[in-house]
1. Got a sec? What order do 206, 95, 181 fall in by accessible area at 1.4 Å, biggest, i.e. largest, first?
2. What would the Debye formula give as log10 I(q)/I(0) at q = 0.11, 0.23, 0.25 Å⁻¹ for the alpha-carbon point model of region 110-206, no solvent?
3. Region 150-210: Rg/Rh from Cα coordinates, Kirkwood Rh?
4. If the chain between residue 70 and residue 201 were fully stretched, how many nm would it gain, using 0.36 nm times the residue separation less the Cα-Cα distance?
5. Once phi is turned into ³J(HN,Hα) by the Karplus curve 6.51 cos²θ - 1.76 cosθ + 1.60 with θ = phi - 60°, what whole-Hz value does each residue of region 196-203 show in order, with x for glycine and proline?
Amino acid sequence: MDERPSVLKPAIDPALDLSDSDLFWQAHWKKFVWGLAGVIALILAVGAWKFWSAATLGAAEALYSTATTAEAWREVVEQYPGTVPAGNAQVQLARSMQAADDLPGAAAELEKFLAAQPEHPLAGAAWLTLGELRQAQGQSDSALEAYRTASSRYKTSYTAPLALVAEANLLQSRGSTGEARAVLESVGSLHPGTPAAMVAAGELARLAPAQAPGAGTAE
């Protein structure tokens with residue numbers, strides 16, 4: 001006679017019992033799904049941003065390549081602010097103003113450019129030019145500040161030693177020969193082998209030799 005199943009036996013086969021990992025997944029699977037969705041969304045967003053940046057840069061470069069007038073350079077700046085071509089256009093605009101003897105306008109344009117893109121590849125050259133413009137307008141203190149910014153903040157730029165030479169010349173014109181000498185000497189030590197270092201050496205040779213304390217006193 002067949003044995004009838006007992007109602008006291010468990011309804012679920014013990015082999016089918018859920019493990020701790022199964023229970024953990026069952027309790028937290030939604031969190032994993034949402035996390036994965038967030039990662040995918042982030043990847044898509046970064047990809048879209050890179051695509052947009054590349055497209056914007058390409059359009060800005062194309063527009064800048066055809067710009068030859070002040071109006072065209074302003075169009076590049078207005079349509080693609082913050083891009084390298086927009087910065088190039090601002091520098092070109094400032095140069096055109098300088099050529100037209102509009103020194104205040106050129107200085108103002110460079111100041112706007114440097115405020116918007118301080119890390120632009122032409123930022124060091126812009127500070128040097130800004131110093132020259134301020135010096136031409138009789139603003140020697142502001143010119144010194146610009147030269148020192150160009151030489152200290154953009155040390156690896158080709159304009160850094162040129163800014164030091166410009167600073168030394170301005171100091172010499174103000175009668176600060178000792179300071180000018182120190183700046184010129186720093187050009188050779190900080191930027192050896194550069195054309196600016198050779199210019200600095202020539203300027204040093206033309207300066208009156210520094211007198212030792214008490215020298216020149218008649219007996």
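The values are calculated or read from the model by the stated rules, or taken from the named source; none is laboratory data. Quick caveat: nothing in here was measured; it's all calculated off a predicted structure. The accessibility values were calculated without ligands, DNA or RNA, using every heavy atom of the protein model including side chains. Shrake-Rupley method; radii C 1.70, N 1.55, O 1.52, S 1.80 Å.
1. On the way: 206 175, 95 130, 181 45 Å².
The residues order as 206, 95, 181, largest area first.
2. Log10 of I(q)/I(0), two decimals: -0.29, -1.14, -1.27.
3. On the way: Rg = 10.7 Å, Rh = 11.2 Å.
Answer for region 150-210: 0.95.
4. Numbers: separation 131, 0.36 × 131 = 47.16 nm, distance 3.95 nm.
Separation in residues times 0.36 nm, less the Cα-Cα distance, equals 43.2 nm.
5. After applying 6.51 cos²θ - 1.76 cosθ + 1.60, I find 5, 5, 5, 5, 4, 5, x, 5 Hz.
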